[in-house]
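A quick write-up on the structure given underneath.
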Amino acid sequence: MSRVRQHGAYTVEFAIVGLLFFVLLFGVLEMGRLLFTVNALNESARRGARLAAVCNIQDPRILRRAIFNDADQSGTSPLIGNLETSHLRLVYLNQDGAQVASPADTNGVTGYRAIRYVQLRIEGFPFELLIPTLQLVITLPTFQSTLPRESLGRHPEANVVPEITPC
């Protein structure tokens, strides 16, 4: 075989091996990014449930802080791309695990006094793969955290909302 023909064979072999190498490389990078996103969504659900257990009932800052934003910052999360507060669902549960209809009602048994648990769910989060030529969006499963209620932003003795909230 002549040297020119071998040079062409090397080019073809490199193209095949290089393609497989880059597909594997992008796959590993995307798997790492997916695992990071799943871990961060789990932490967001846990963080939001913890804040909801100690902050005022239905305070909008809870959801903003759960996605790692500042208390007054709106928009998407700076840590997890495309995560917005619209993906989060905060519910207050009674002792049977049923949703409390009006949690802000402080007088009735169906309101504040009925709350035993807080639950934060992250639903329908789309994960976009960044692999070139493969435009694929994966909807991740629901992430959920349920914690027992604590102060719910109330002072333990007087049952009043404190001047400075921990949120």
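The values are calculated or read from the model by the stated rules, or taken from the named source; none is laboratory data. This structure is a prediction, so every number in the text was calculated from the model and none was measured. No Cβ is skipped: glycine too gets one built from the backbone with ideal geometry, and neighbour counts run over all protein chains shown.
For the reader, a short list of remarks on this structure follows.
- Residues (touching a residue at least 40 places away in the same chain (Cβ under 8 Å), touching a strand residue (DSSP E or B) at 6+ places or on another chain (Cβ under 9 Å) and not polar (S, T, N, Q)) located in region 47-80: Gly48, Ala49, Arg50, Leu51, Ala52, Ala53, Ile57, Ile62, Ala66
- Residue match in region 105-119 (condition: part of a helix (DSSP H, G or I), modelled with pLDDT of 75 or more and touching a Pro at 6+ places or on another chain (Cβ under 9 Å)): yes
- Candidate set: region 128-164, residues that are under 21 Å from Arg116 (Cβ atoms) and of a type in the set (S, T, N, Q); chosen: the one modelled with the lowest pLDDT: Asn159
- Matching residues in region 40-58 - criterion: being of a type in the set (S, T, N, Q) and within 11 Å of Leu88 (Cβ to Cβ): Ser44
- Residue check, Arg64 modelled with pLDDT of 90 or more and buried (at least 17 other Cβ atoms within 10 Å of the Cβ): yes
- Exactly one residue out of Leu83, Leu90, Leu79 is surrounded by 19 or more Cβ atoms within 10 Å (Cβ to Cβ) and under 11 Å from the mean Cα position of the chain (by Cα): that is Leu83.
- Members of region 30-76 that are not hydrophobic (A, V, I, L, M, F, W, C) and not in a helix (DSSP H, G or I): Asn56, Gln58, Asp59, Asn69, Asp70, Asp72, Gln73, Ser74, Gly75, Thr76
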